[in-house]
1. Order by neighbour count: 208, 182, 27, fewest other Cβ atoms within 10 Å first, most last.
2. What is the pair-distance distribution P(r) of the stretch 75-180, computed from all Cα-Cα distances in 10 Å bins starting at 0, with each bin given as a whole percent?
3. Read phi for every residue in the stretch 98-109 and hand back ³J(HN,Hα) as whole Hz from Karplus 6.51 cos²θ - 1.76 cosθ + 1.60, θ = phi - 60°, with x for Gly and Pro.
4. ³J(HN,Hα) across the stretch 190-196 via Karplus (A = 6.51, B = -1.76, C = 1.60, θ = phi - 60°), whole Hz, x for Gly/Pro?
5. Defining a contact as two alpha carbons under 8 Å apart and six or more residues distant in sequence, what relative contact order in percent does the chain show?
6. Picking from 79, 36, 110, which is most flexible by a Gaussian network model of the chain using Cα springs under 10 Å?
7. Running a GNM on the chain with Cα contacts under 10 Å, which residue among 155, 114, 54 ends up with the highest mean-square fluctuation?
8. Quick one: which residues, 5 or more positions from residue 3 or on another chain, have an amide H under 5 Å from its amide H? H modelled 1.01 Å from N in the peptide plane, none for Pro or chain starts.
Amino acid sequence: MKKIFLAGNAITAEILSSYLSQDMRYEVVGFTTDDEFAAQGTVSGYRTVAFSKVQGVFSPDTHSVIMAMGYNDLNRARESMFVRLKALGYDVETYTHPDARIYTDHPVGEGSVVLPGAIIEPSACVGANCIVWSNVTLAHHCRVDDHCWVAAGAVVSGQAKVQRNTFLGVNCTVVNAVTVGEFNVIGAGAMISRDTKPHSVYLARSAEPFRYSSDDYVKHFGI
């Protein structure tokens, strides 16, 4: 059983620690985060060690780390922590949940996390330090570059490319052979059917209230 600590101590770390507690491959021993956040957001039952002290508590010789931070500042915070942990000599674990399905011949990138129900199809590529959330589909020959976050239910279609530090929202779709530029925000439910520019935001139109009440709607239109 591999001794693991998590980088992060907020909601993403809470979720990942729950999955890991049921995974016999790992023993979670605690968390680390930047010093100013060490007293905040701790998950019950685990200790959080300030980054400045982490080597003295979780030795790189005996512990590995899983990235469990959110997507703050377009994943720049995750990227910074990832780089600093590697500089300290840590093995940054690539974590694939047992209920994910990986069919590509390309190794999932170092430090990436793939959660239950995700499907990575043949010839798809996932870069380093990415989050692939539950029920995501990364289709054949697509590519997701380093430090990306792919939220639940998102679909990256065949031969599409998602460039670095991009956030893909819940249930969005990137159409086949499209390139999503770096540092993009793609909103929940958005459909991207053309190449996007770097540092851009693409949001789907929010649902608007219908002029009928729900009871009148059912009466006139059925449901």
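Values quoted throughout were computed directly from the atomic coordinates according to the rules given, and no laboratory measurement underlies them. In this text, all values refer to a predicted model and were calculated from it rather than measured experimentally. Neighbour counts run over all protein chains shown; Cβ positions are idealised from the backbone, glycine included.
1. Going from sparsest to densest Cβ surroundings: 208, 27, 182.
2. 17, 53, 25, 4
3. Those phi angles translate into x, 8, 7, 10, 10, 10, 6, 7, 7, x, 5, x Hz.
4. Each residue of the stretch 190-196 in turn: 6, 10, 9, 10, 9, 4, 10 Hz.
5. Rounded, it is 11 percent for the chain.
6. 36
7. Maximum fluctuation in the GNM of the chain, among the listed residues, is at 54.
8. Sorted by chain and number, the residues that satisfy this are 27, 64.
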